[in-house]
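Taking it in order: structure first as C-alpha cells, then the write-up.
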Amino acid sequence: MKFWREPLDVDQIKVTQGVVTVLEERCKGCEFCISYCSRGVLVMSQKFNRKGYHFPEVIEPKLCVNCHFCEVICPEFAIFSQEAPEAANPGASAGQGD
Amino acid sequence: MAGQAVLTGTHFINGDEACAEGALAAGCRFFAGYPITPATEVAERMSQRLPGVGGVFIQMEDEIASMAAILGGSWGGVKSMTSTSGPGFSLMMENIGLGLCTETPCVICNVQRAGPSTGLPTLVGQGDMMQARWGSHGVYEIIAIAPSSPQEMFDFTIKAFNLSEQFRLPVLIMADEVVGHMNERVVIPEADQVQLVERSKPSEGPDTYLPFQPGPDGVAPMATSGEGYYMHITGLTHDEKGYPVMEVWAQEEMTQRLVDKIQGNLDQILDFEAIHLEDAEVAVMAYGISARSARGAVLALRQAGFKVGLLKLNVVWPFPEDYVRELSRRVKAIVVPEINLGQMVLEVERLAQGRCQVKLVPHPGGGIITPARIMEAVKASLEETS
Amino acid sequence: MSAQQATLPQAEHPQDALLRTERIPHIWCAGCGIGIAFGSLMSAITKSEIPRDDFAVVSGIGCTGRLAGYIHLDSFHTTHGRAIAFATGLKLARPQGKVIVASGDGDLLAIGGNHFIHAARRNMDMTVICVNNFNYGMTGGQLAPSTPYGAKTTTTPQGSPDEPFNFCSLAASCGATYVARWTALHIRRLTTAIAEALNKKGFSFVEVIAPCPTAFGRRNKIRRSLDLLKLYYDNSVVKNHIAPGEATIDFDNNLVVGKFVDVERPTFLDHYAAINRGEVEAWPATGVDASAAGKRKAG
C-alpha cells in the first residue's frame, strides 16, 4: 500500500491478508471481479470451464486485502475471499507486497 | 366484535349470503374480492363477518389480484376464497391455472350472469360452464359444483372447501344470479355437525419432504409458508421437489398427477341425484337454477303418468361420465335445460354416442327456463322416440 | 496455494447458505446484474435478525422472476405481474411473515403496475425489490415501461417513442414508506438499503439499476456488461432525500441514486385492526351540520 506520508505506527498496523477462492464451474466470465479488484489480484485464465467460459485466476495472492468486493460483485456466487490463517500469513503488514 | 363462525339456526337469507356463511362455517378466514353484480353480496357479507371471527377481508384492485391474493392466503395456511361473476371470472382464469399447477386449495364462487362481455349484469345465465372446465390454458382437471338453492349455496360451499382441501386445487362454485339473489330458508347446523376436511400436512422433515410427491390418494401433503420447509412453488412445469424442469417427461408426469388425483378419486368427488330414473323413458339432466325448474317439470309429469326422471348434477366437473353413458343405454332421450345455447349438453352427446336422443332446452340468458318448457320438451322427445 | 487452502475455514461460498446450490449456476446471462442484486438481497437477509423461517420470497415472471427459484427460503414463482397481489394474500394470512417481492421492471410496473400502486397506497407490509434493466430480457429485449426514450429494443427498432416511468417517484407518490435507488455497482449501499427496507414496517421499495448486456446493451451498441455497469455508475449522483419526482434517470450525469423516502405510516393491517376494534372515528370526523344544509347557494 502506498502512503503520501508514512504513518508513524506503520510497523504496528496489520493489513488483513485475504485468500481468494474461485468456484470455476460457476463462472460465466463477466470479468467484474477482475476489473473491480483494486489490488490487481486477478487475471482471466486461459483455461475454459465445462460451460466454455474463461474464469479468473489469482496471480497476485499476496496483494489481496480481503475486501470481499469480488465476492459481492460476482453475479454468479463464483468467487469469495476469506482471511488468511495467521500461520500462512507471517509478517503480513502494511508496506509489504508493493 | 367477536362473532360466531357457524351461525347455527334458521335464517331467511339470499344465496350469496348463504355462500358466505358456508365459507365461514367451513373455516374460511381470508377473502379477497372485487365488487361485481350479482356476486357482491358474498363479499359484503364476508367483509362484515370476517373481522369478528379473526379473519381478514380485503377488497383488491381487480379480480386478477383477488385470485392471486387467495392463492397467497392459502399458502399462508388459511382457507381462502373469492367470489365473482362472468367478467371477473374471465380475469381470474390465469391465476386459477396457477392454483391448479401449484395445487393450491381455495374456493371461487362464480355467480353467473348472462354474457358475453358485460351482458346482462343483473340477470341470470349459465354460460360459463365450459369456461369453468377449459377456461384456463393447458392441461388439467377441475372440480366445479352447482348449487340450486340458498340452502345448497351454504352446503355446497362447505363441500367446495372440503374438496379443495382434500385434493389440493381451486374448486369452483358455479352458482347463478337467481340462486344468488333468491331469499329462502337456510338452516345452519350446530358447529359440531359441520363435517370439515383439512389439507394433509407433511409428516416428514424439511430434508426429505417433497411438496409435489403424491401420497397413496394421489394428493401430496402440503406445507405452509413459515414452517421451515423452504419449499419452492412455481407455475412452471416442475418435478416432485417443485423445481422447474423444462422437459417433456416432467410435463407428462406433472399433468398426469393433476389428472389422476381427480380421475382416480371420482368415487369421492362425483355427486349427483337420480330422481325417478329407475324406470324412466326420458331423463332430464340439469344443474343450478335449471335443476329447480327441471324438478318441478319432472314431478308434474310423473303425476300425469309420464315415465320421466331427473339427473341433478351437484358436482358438474368432473362429469359423471359412466353414469350418463349407462343412462343413455336405458332411456329413449335425455333432455338438458340450461341457460346457454348448449354447453353441458355436449358432454351428454359425447357420452350417449347416438344411443338415445339428446335434446337441448336452451336459453340465451336473462331469465330462467320454465318448468312448462321442459315439460314440452320431454313430451316432444317421447313422441319423437316412440 | 493448496497447502494454504487446506487450512482455510471455508470451502463454500458464503452465500451458499441461502442458495439452492443444486440449481446453480443460474440461468442469467454472463454479466447480468440480477445476480448482484440477488447477492445484496441475501446479504441483507443474512444480516437481519428476522428468523429465517419467517421469510417468503414472491416473484412474478421474467428474468428477475427466476430469483425465487434460487433462494433457499419459502419461495413462490407466480404469474406475470401478480407477485404483489399474491404476496398481499400471503402477508394477510400470515402477518408475522416477512414478505419480499422480487420483480423486474416490466413485471412490476407494466403488467403488474396496478398491484404496485395499490399495495403502496394501502401500505401493505412488504419489501419490493425491482431489478430495472430497462427492457424485457427473458423474451429477448422488448420495450419496457423503463426503457429510456430513444433506446432501441426489438419492438422499438428505431428507438423508443415512449417516455419511461420514474418508479421511485411513483412508489413515493403512492405512499411507500421507504424508497431508494442504487445501481448494481453501489453494492454496499444497495445492501444497506435492502436491509433498511427489510426492517421497515410498510411498503418498502428498492430499485436496482442493473446491466442487461445480452438483450438491452447489445441493441444499443454497448455489448460489454462492464461498460453498462460503468455507464450507470459514472452517470449517477447520490442525492439522498431529494424530492422523488426529481430523482431522474438521466444518463447524462444525472442518474439520481440514494434514499428518497424513509417515513412511518400505519400499514393496512394496523388500520384494519383499529377500524375493527371501533377505534376510528366515523367519517367525516367533523360531522355534518344538518341545519346548515341547503343554506349555501350553489356556485
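The values are calculated or read from the model by the stated rules, or taken from the named source; none is laboratory data. Here the structure is a predicted model, which means the values were calculated and not measured. Please note: Cβ atoms are built from the backbone with ideal geometry, for glycine as well, and neighbour counts cover all protein chains shown.
Below are the figures for this structure:
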{"item": "Selection within segment B:265-305 - assigned to a loop (DSSP other than H, G, I, E, B) and within 23 Å of B:Met174 (Cα to Cα)", "result": "B:Asn265, B:Leu270, B:Asp271, B:Tyr287, B:Gly288"}
{"item": "Residues (more than 12 Å from B:Glu281 (Cα to Cα) and among the aliphatic types (A, V, I, L, M)) located in segment B:302-315", "result": "B:Ala304, B:Leu311, B:Leu313, B:Val315"}
{"item": "In segment C:226-238, residue nearest to the other protein chains (Cβ to nearest Cβ) [restricted to those that are part of a strand (DSSP E or B) and of a type in the set (A, V, I, L, M)]", "result": "C:Val238"}
{"item": "Qualifying residue in segment B:109-129 (condition: within 14 Å of chain C (Cβ to nearest Cβ), under 25 Å from B:Glu21 (Cα atoms) and buried (at least 24 other Cβ atoms within 10 Å of the Cβ))", "result": "no"}
{"item": "One residue from C:Lys91, C:Lys98 being in contact (Cβ under 8 Å) with a residue 12 or more places away in the chain, buried (at least 24 other Cβ atoms within 10 Å of the Cβ) and of a type outside the set (Ser, Thr, Tyr)", "result": "C:Lys91"}
{"item": "Set C:Arg181, C:Arg188, C:Arg223, C:Arg265: member being part of a helix (DSSP H, G or I) and not hydroxyl-bearing (Ser, Thr, Tyr)", "result": "C:Arg188"}
{"item": "Residue within segment B:165-183 that is in contact (Cβ under 8 Å) with a residue 12 or more places away in the chain and surrounded by fewer than 16 Cβ atoms within 10 Å (Cβ to Cβ) present", "result": "yes"}
{"item": "Matching entry among B:Asp155, B:Asp207, B:Asp217 (being surrounded by fewer than 24 Cβ atoms within 10 Å (Cβ to Cβ), within 14 Å of another protein chain (Cβ to nearest Cβ) and not in a strand (DSSP E or B))", "result": "B:Asp207"}
{"item": "Checking C:Thr46 against (1) in contact with a helix residue (DSSP H, G or I) (Cβ under 6 Å, 6 or more places away or on another chain); (2) in a helix (DSSP H, G or I), the condition it does not meet", "result": "(1)"}
{"item": "Boolean, B:Ala39 is away from every other protein chain (no Cβ under 14 Å), within 23 Å of B:Thr122 (Cα to Cα) and either touching a Ser or Thr at 6+ places or on another chain (Cβ under 8 Å) or not β-branched (Val, Ile, Thr) (or both)", "result": "yes"}
{"item": "Exclusive hit being within 14 Å of chain C (Cβ to nearest Cβ) and more than 23 Å from B:Asn95 (Cβ to Cβ), set B:Gly242, B:Gly296, B:Gly228", "result": "B:Gly228"}
{"item": "Of residues in segment B:60-105 being closer than 12 Å to B:Tyr34 by Cα and hydroxyl-bearing (Ser, Thr, Tyr), the one nearest to the other protein chains (Cβ to nearest Cβ)", "result": "B:Ser66"}
{"item": "Strands (runs of 3 or more DSSP E) within segment B:306-386 that include 1 or more residues of a type outside the set (A, V, I, L, M, F, W, C) and closer than 15 Å to B:Ala146 by Cβ", "result": "B:308-313, B:333-338"}
{"item": "Identity of the residue in segment A:8-26, more than 8 Å from chain C (Cβ to nearest Cβ) and more than 16 Å from the chain's Cα centre (by Cα), that ends up farthest from A:His68 (Cα to Cα)", "result": "A:Leu8"}
{"item": "Helices (runs of 4 or more DSSP H) fully within segment C:63-177 counting 2 or more residues that are over 13 Å from C:Phe216 (Cα atoms) and within 11 Å of chain B (Cβ to nearest Cβ)", "result": "C:83-93, C:113-122"}
{"item": "Residue within segment C:241-253 that is part of a loop (DSSP other than H, G, I, E, B), within 14 Å of chain B (Cβ to nearest Cβ) and modelled with pLDDT of 95 or more present", "result": "no"}
{"item": "Extreme residue, surrounded by the most Cβ atoms within 10 Å (Cβ to Cβ), among residues of segment B:332-363 that are within 12 Å of B:Val378 (Cα to Cα) and of a type in the set (A, V, I, L, M)", "result": "B:Val335"}
{"item": "Segment B:1-31 - residue that is aliphatic (A, V, I, L, M) and assigned to a loop (DSSP other than H, G, I, E, B) and, of those, nearest to B:Arg185 (Cα to Cα)", "result": "B:Leu7"}
{"item": "Filter result for the condition that a residue is away from chain C (no Cβ under 11 Å), surrounded by fewer than 21 Cβ atoms within 10 Å (Cβ to Cβ) and touching a residue at least 60 places away in the same chain (Cβ under 8 Å), over B:Gln268, B:Gln256", "result": "B:Gln268"}
{"item": "Failed item in (1) in contact (Cβ under 8 Å) with a residue 60 or more places away in the chain; (2) in a strand (DSSP E or B); (3) of a type in the set (S, T, N, Q), with B:Thr82 passing the rest", "result": "(1)"}
{"item": "Count of residues meeting criterion [touching a residue at least 40 places away in the same chain (Cβ under 8 Å) and either away from chain C (no Cβ under 12 Å) or under 22 Å from C:Gln15 (Cα atoms) (or both)] in segment A:42-67", "result": "4"}
{"item": "Matching residues in segment C:204-220 - criterion: being in contact (Cβ under 8 Å) with a residue 60 or more places away in the chain and part of a helix (DSSP H, G or I)", "result": "C:Pro213, C:Thr214, C:Ala215, C:Phe216, C:Arg218, C:Arg219"}
{"item": "Any hit, segment B:113-120, residues being part of a strand (DSSP E or B) and under 26 Å from B:Gly77 (Cα atoms)", "result": "no"}
{"item": "Residue count for segment B:163-204, restricted to those that are touching a strand residue (DSSP E or B) at 6+ places or on another chain (Cβ under 8 Å), part of a loop (DSSP other than H, G, I, E, B) and over 28 Å from B:Tyr140 (Cβ atoms)", "result": "1"}
{"item": "Qualifying residue in segment B:280-287 (condition: over 18 Å from B:Ser148 (Cα atoms) and aromatic (Phe, Trp, Tyr))", "result": "no"}
{"item": "Members of segment C:7-33 found to be part of a loop (DSSP other than H, G, I, E, B) and among the charged types (D, E, K, R), listed by number", "result": "C:Glu12, C:Arg20"}
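Matching residues to (1) closer than 23 Å to B:Val197 by Cα; (2) of a type in the set (A, V, I, L, M, F, W, C); (3) touching a helix residue (DSSP H, G or I) at 6+ places or on another chain (Cβ under 7 Å):
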position	(1), (2), (3)
B:Thr8	yes, no, yes
B:His11	no, no, no
B:Ala20	yes, yes, yes
B:Tyr34	no, no, yes
B:Val42	yes, yes, yes
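Let's see how each residue does on (1) facing chain A (nearest Cβ under 9 Å); (2) in contact (Cβ under 8 Å) with a residue 24 or more places away in the chain; (3) within 24 Å of C:Gly81 (Cβ to Cβ); (4) not small (Gly, Ala, Ser):
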{"residue": "C:Glu12", "(1), (2), (3), (4)": "yes, no, no, yes"}
{"residue": "C:Asp16", "(1), (2), (3), (4)": "yes, no, no, yes"}
{"residue": "C:Pro25", "(1), (2), (3), (4)": "yes, no, no, yes"}
{"residue": "C:Ala30", "(1), (2), (3), (4)": "yes, yes, no, no"}
{"residue": "C:Gly33", "(1), (2), (3), (4)": "yes, yes, yes, no"}
{"residue": "C:Leu41", "(1), (2), (3), (4)": "no, yes, yes, yes"}
{"residue": "C:Glu49", "(1), (2), (3), (4)": "no, no, no, yes"}
{"residue": "C:Arg52", "(1), (2), (3), (4)": "no, no, no, yes"}
{"residue": "C:Val57", "(1), (2), (3), (4)": "no, yes, yes, yes"}
